Amino acid sequence: MRLTPKLTLGALCAAAAALAAPAAQAAWTLNMTPGISKMSREIYGLHMLMFWWCVGIAVVVFGFMIYSMVHFRKSAGAVADMNFTHSTRVEVMWTIVPVLILISMAVPAARVLVETEDVAGAALTIRVTGYQWKWGYEYVGSGVGVLSTLDAASNRARELGSGIDPTTVPNYLLEVDHPLVVPAGVKVRVLITGQDVIHSWWVPALAIKKDAIPGFINEAWFDIDEDKVGIYRGQCAELCGRDHGFMPIVLDVRSKQDFEQWLKAQQAAAKPNPAVNPTTQVTSPAQLNTSAHAG
């Protein structure tokens with residue numbers, strides 16, 4: 001097809017429009033995050049250990065392959081050895097070396113895996129329940145519960161025909177109305193379950209990803225560094241049904257003092273006001289029927 005000035009101008013206009021169009025912003029990182037706790041950093045270190053072993057193995061294997069193809073190619077006069085059978089020394093080496101590599105991986109992996117299941121000494125227990133499509137957080141033994149739902153601004157912008165530019169919404173689809181407030185410097189035990197279908201509670205900064213299964217409780221724990229106060233975000237990582245991508249997780253990490261104040265305020269708000277007589281606030285079905293007939 002011959003390019004005419006009109007076609008060329010159209011192509012340039014289309015390219016300019018594509019470049020000017022708003023795009024979703026993402027953190028294009030090439031690795032895992034070290035996290036905000038000692039355990040998350042140990043998991044990150046385990047990941048890096050496996051990564052560098054894979055890099056080393058790839059360098060040796062592909063290096064040997066490339067060297068063999070270059071130096072023993074037919075065009076260089078190489079002739080195949082028709083009498084070669086095997087080498088006992090080589091076979092012993094390629095058996096022992098992989099075994100040693102696997103041991104060097106298995107020992108630290110087993111140690112970290114055992115540590116991730118050790119919830120002993122937890123000072124706070126939080127029950128996490130997955131719903132379609134929100135998260136429920138219950139601070140066990142305190143009488144405080146929080147229901148965390150996608151924030152109203154993101155919910156409006158995600159609707160078809162809303163006319164709202166998602167790039168104008170702060171933390172689009174990653175913000176909630178009520179975050180999970182946790183203390184830093186305290187070992188927190190998390191009990192994760194589901195109410196309706198299987199969800200998955202995933203917070204990369206904690207290196208925790210646990211399925212929330214109805215009728216079953218998964219367990220995890222974290223102890224956030226005292227200097228890591230702030231906001232951290234996660235997602236439901238399970239295909240839990242329609243709109244499953246709209247149940248984010250927001251972690252509000254506070255100092256011990258701030259967390260205690262927040263918890264006391266929540267407990268005070270949850271208590272009924274003794275100055276109010278509950279009988280004057282409740283209308284019975286009989287009263288409703290009487291009022292209706294009177295009207």
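The values are calculated or read from the model by the stated rules, or taken from the named source; none is laboratory data. As the structure is a prediction and not an experimental result, all values here were calculated from the model. Here the Cβ positions follow ideal geometry from the backbone for every residue, glycine too, while neighbour counts run over all protein chains shown. Ligands, DNA and RNA are stripped out before the accessible areas are found, and what is left, the full protein with its side chains, is counted by its heavy atoms. Shrake-Rupley method; radii C 1.70, N 1.55, O 1.52, S 1.80 Å.
Observations
- The stretch 67-167 - percent of accessible surface contributed by carbon and sulfur, probe 1.4 Å: 63
- Rolling a 1.4 Å probe across all protein chains gives R73 an accessible area of roughly 110 Å².
- In this structure, V70 and M93 have a Cβ-Cβ separation that, at R0 = 25 Å, corresponds to a calculated FRET efficiency of about 0.65.
- Spatially proximal aspartates and glutamates relative to K264 (Cα-Cα < 20 Å; intrachain offsets below 8 disregarded): E138, D177, D252
- Those lysines that a straight Cα-Cα span of less than 23 Å connects to K210, excepting residues fewer than 8 apart in one chain: K38, K134, K187, K228
- Each other residue within a Cβ distance under 12 Å of T149 adds +1 if Lys or Arg and -1 if Asp or Glu, for a net charge of -3.
- Set of aspartates and glutamates near K209 by C-alpha distance (under 12 Å), chain-local residues within fewer than 8 positions excluded: E219, E238
- Each of C236, C54 has its accessible area taken with a 1.4 Å probe; listed largest first, they run C54, C236.
- Cβ-derived FRET efficiency at R0 22 Å, R127 paired with D258, nearest 0.05: 0.50
- Extension gain for the segment M32 to E219, taken as residue separation times 0.36 nm less the Cα-Cα distance, is 65.1 nm to one decimal.
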